[in-house]
2 protein chains.
Amino acid sequence: MTTGLVETANGPRPGGVSQVALYPVATLVQKFGGTAVGDPDRIRAVADHVARTVRQGNQVVLVVSAMGKETDSLLRLADDVSSTHPGREMDMLITAGERKAMALMCMALHDLGIPADSFTGSQAGFLTDTEHRNAKILEVRPERVRAALDAGRIPVVGGSQGVSTDNDVTFLGRGGSDTTAVALAHALDADACELYTDVTGVFTTDPRVVPTAKRMDRISFDELLEMTATGCPKPAMRSVEYARTHGVRLHVRSAFTWQEGTWVDEEEPDMEQAIVSAVTYDTSEAKMTISGVPDQPGIAARVFRELAGSGINVDMIVQNVSTEGVTDISFTVPHDDLDRAMSTAGSLATEIGAGGVTSDSAIARVSVVGAGMRTNPGVAATMFETLAECGVNIQMISTSAIRVSCVVSGDRAEDAVKALHENFGLSCN
Amino acid sequence: MTTGLVETANGPRPGGVSQVALYPVATLVQKFGGTAVGDPDRIRAVADHVARTVRQGNQVVLVVSAMGKETDSLLRLADDVSSTHPGREMDMLITAGERKAMALMCMALHDLGIPADSFTGSQAGFLTDTEHRNAKILEVRPERVRAALDAGRIPVVGGSQGVSTDNDVTFLGRGGSDTTAVALAHALDADACELYTDVTGVFTTDPRVVPTAKRMDRISFDELLEMTATGCPKPAMRSVEYARTHGVRLHVRSAFTWQEGTWVDEEEPDMEQAIVSAVTYDTSEAKMTISGVPDQPGIAARVFRELAGSGINVDMIVQNVSTEGVTDISFTVPHDDLDRAMSTAGSLATEIGAGGVTSDSAIARVSVVGAGMRTNPGVAATMFETLAECGVNIQMISTSAIRVSCVVSGDRAEDAVKALHENFGLSCN
């Protein structure tokens, strides 16, 4: 924190409290996603908001994504030019998108009389490994960003980019701008990291499915991680993990209505936890089952080692109890990986003497998430009862300390979500 | 030169000689302009040509401009976003264009099995001053480019960009890619710098006006400088000056037909010089006359100091002999600067007690250029006779050692060019 934080009587409890009351003089990292800076009008609207935030006495650091669908356009251009896409060159190409957005944002701020300087990932001190297209941050040395702040200027940093230990331009991957923002907030010891997006916050479930879904004022890191892992689209999971590890308070909010959104923070032990905070669903995966697998030590390890070796991101894994020396192993994989996973698993099934491999693309994973589950048994039972009542068959189950997930038929997912949202008392009154 | 240059028996005389015969193993900097890399097909066509050049045993370094009209699009985007365009941010924005082109070019080369690495101006070692939008190169430290060459890779460098002494991204200005290429050729001690463009070389005059115009095999730096200063569109004058100063041989040629173009080199004293090499014309300027100027020491200096102070780029200046203590001063200014120049000159005329200021936008400057003029008197006389014969009135005259320019009425410029081209024996047989 580079300026004094004056806390309210009860300490910084953000939910519902306006930001000004919370932080009379705060340092805020504000990140704007692609739709938030999608065209010149939007860039000016963001500049207006930043100007308001600054005039309220806050120090602001911006992180911007590429405008609208620009990253997709650049990827298409690469496809049009060549069939080989060396990572170093792809990163050089893609990061041009954020450069444009950050330079234009600075111009819009200058227009409002707010001095601003753009910084590439390299200039902002993002040192990464050499894993192009998906580089990891090794260190953030934000000297130039800090110097700009100290000089009363707004630093505008290009999201999702850095410079590698080989001095090459790197891209942190899709959704990497959230990570840039969180890492910068940590490096600058900022009071909060605000992720401005096209939703108004984190909801108890998808409002398109359940119109009575509520925006949460507050959620814990753990809960949000379980939610993003099971279908809640924003923010990027990696950034939430980074925020939790380094204790960076997040504020997920709208770049269109500018209203207060959802704060993401540590759980407070004395706080009464909702048993279930949210219901999520995810239709991006397919289910695979290897049946008749010999129940010997090391077989499961071999299966998932081979799949990992093929670059397939296996998610939920369930193994049934062994019957007569054989067992079934089921797991989910992204739709995009299904063909490769079927081919890998097919050869493997023959080698290990398994019965066969089947797949089902028409599935959904429905999950309930809540920190209060830790101390409230019976959530799983309630979930299964609710699904049974509306005639939804459960194909797979997996649980964590604060989540219960069921794989169900894809065409029943919305019914399941509606029933769970209602039965766990999440709907608006 | 990093590899051995084997010269032909008569030494390196490039005109009409194929490049392979000239340089069995040469280091070449090849620069491709915006139209040459205007779309994915063009980028692949350039990659094919580079592959051929490499397979002939040459070492190649590429310099690329932004694709097609991209720089114009970026400038329009800046206008759409804001009315203030700080130079630092404009340079960050505009240089995104070359980044895209160079990354895509590397991908196209990889597709052909040619390893290639892209380098920003900063990565290629272009250190500049802090004059944004029009930065000057202070030094070129091409260590990374040389290392890539030594490793058998093609370096692809973004044109017209560098890093300032303040560690900011800088743009060298429109047409700056030619300068990048020439400076890099000098820093690498390359055998030649090839400027690939949408014309097949330097012509004796504009072939659109005179169909019998000939492409020159060879021209001296001095001649080309006079030509670019008087209307020959390519290459950028600044790059030709740089090449002359540092003795970098240029080859102006087509990125569409790939045929040999025009070599630009030092004059060779033993070479028989054409008296007139080319006829050029330029309609980008307007004529201004301040009449009745008191003929006192310091008045002319004051006029042009004030105009320079207003950022007006005054070109041809003619002052008549004084009659009765007053004189007329005429000069040309770019059309875009005419309004400002008229306003500046108008106030000034009142202050110094001059008669008045007039302007004429419908003029053209027609010039004949040739190194042989130095030793052949009478070129000016022939020019004036030719213009008189076809009834073209001469409004202003200025000369240099190897050039005679006349300002004539704009609607007679093409007639004048045709007659001069014919009379000086430049037309194809």
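Each value in this text was obtained by applying a stated rule to the coordinates, not by laboratory testing. Owing to the predicted nature of the structure, the values given are computational and were not obtained by experimental measurement. Ideal geometry is used to build each Cβ from the backbone, glycine not excepted, and the neighbour counts take in all protein chains shown.
Structure data summary
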| item | result |
| --- | --- |
| Exercise: per-residue mean of other protein chain Cβ atoms within 10 Å, A:75-83 | 6 |
| For A:G175, net neighbour charge (Lys/Arg +1, Asp/Glu -1) across residues whose Cβ lies under 9 Å away | +2 |
| Percent of Cα pairs exceeding the 25 Å cut-off, where the set is the range B:272-429 | 37 |
| Cα gyration tensor shape of the range A:19-265, rounded if a/c is under 1.5, else prolate or oblate by comparing a/b with b/c | rounded |
| 0 to 90° range, to nearest 10: angle between helix A:237-246 axis and chain A longest Cα axis | 70 |
| Sequence-distant residues sharing a close amide H with A:R218 (under 5 Å, placed H) | A:W263 |
| From phi via Karplus (6.51, -1.76, 1.60), per-residue ³J(HN,Hα) for the range B:53-63 in Hz, x at Gly/Pro | 4, 5, 5, 7, x, 7, 8, 10, 10, 9, 10 |
| Modelled FRET efficiency - R0 41 Å, A:E324 with A:E241, Cβ distances, 0.05 increments | 0.45 |
| Charge context of B:F256, other residues only, Cβ under 11 angstrom, K/R +1, D/E -1 | +1 |
| Radius ratio Rg over Rh of the range B:347-428, counting only Cα atoms, Kirkwood formula for Rh | 1.10 |
| The protein assembly as shown - mean residue ellipticity at 222 nm from DSSP helices (-39,500 (n - 2.57) per run, n ≥ 4, rounded to 500) | -10500 deg cm²/dmol |
| Å³ per residue enclosed by the Cα convex hull of the range A:159-252 | 103 |
| Shielding by partners - mean other protein chain Cβ count within 10 Å, residues of B:106-115 | 5 |
| Protection proxy ranking of A:395-406, A:175-186, A:196-207 - average other beta-carbon atoms within 10 Å, highest first | A:175-186, A:196-207, A:395-406 |
| Rounded to the nearest 20 debye, dipole of the range A:211-310 from Cβ charges on Lys, Arg, Asp, Glu | 520 |
| Relative contact order of the range B:194-308, defined on C-alpha pairs under 8 angstrom at six or more residues apart (%) | 32 |
| Base-10 log of normalised Debye intensity for the range A:46-163 (one unit scatterer per alpha-carbon) at q = 0.17, 0.19 Å⁻¹ | -0.85, -0.99 |
| Sorted peptide list for A:131-140, A:243-252, criterion being average Cβ within 10 angstrom, highest first | A:243-252, A:131-140 |
| Acute angle (nearest 10 degrees) that the helix B:87-111 long axis makes with the longest principal axis of chain B, alpha-carbon atoms | 40 |
| Selection from B:T386, B:V318, B:S347, by position along the positive dipole direction of the range B:272-429 (Cβ) | B:V318 |
| For B:A286, residues with placed amide H under 5 Å, excluding near neighbours | B:V333, B:H335 |
| Alpha-carbon centroid distance for the pair the range B:123-155 / the range A:58-132, whole angstrom | 22 |
| Antiparallel DSSP beta bridges within the protein assembly as shown, percent to nearest 5 | 60 |
| Extension gain (nm, one decimal) between B:T165 and B:F384, 0.36 nm per residue minus Cα-Cα | 73.8 nm |
| In degrees, nearest ten, helix A:338-352 long axis to first principal axis of chain A (Cα) | 40 |
| Cα-based convex hull volume of chain B per residue, rounded to whole Å³ | 161 |
| Derived scalar couplings ³J(HN,Hα) [the range B:307-319; Karplus, 6.51 cos²θ - 1.76 cosθ + 1.60; whole Hz; x for Gly, Pro] | 5, 4, x, 8, x, 9, 8, 6, 10, 4, 10, 10, 10 |
| Antiparallel bridge percentage (DSSP; both residues within the range B:272-429; nearest 5) | 100 |
| Percent antiparallel among DSSP beta bridges (both partners in the range A:19-265, rounded to 5) | 25 |
| Residue-by-residue Karplus 3J(HN,Hα) for the range B:369-382, coefficients 6.51, -1.76, 1.60, Hz, glycine and proline x | 10, x, 5, x, 4, 3, 10, 10, x, x, 5, 4, 4, 4 |
| Rg [Å, one decimal], Dmax [Å, integer] - the protein assembly as shown, C-alpha atoms | 34.6, 123 |
| Net charge dipole size for the range A:19-265 [Lys, Arg +1 and Asp, Glu -1 on Cβ; Debye, nearest 20] | 460 |
| Residue exposure sequence - A:M342, B:M237 - by fewest surrounding Cβ within 10 Å | A:M342, B:M237 |
| Neighbour cut-off at most 14 other Cβ (10 Å), DSSP loop, trypsin sites (Lys or Arg not before Pro), the range B:39-92 | B:K69 |
| Under-5 Å amide H pairs with A:Q59, H placed in peptide plane, nonlocal only | A:A26, A:T27, A:L28 |
| Residue mean of other protein chain beta carbons inside 10 Å, B:91-101 | 6 |
| Proxy reagent accessibility, fewest Cβ within 10 Å first, across A:F384, A:F424 | A:F384, A:F424 |
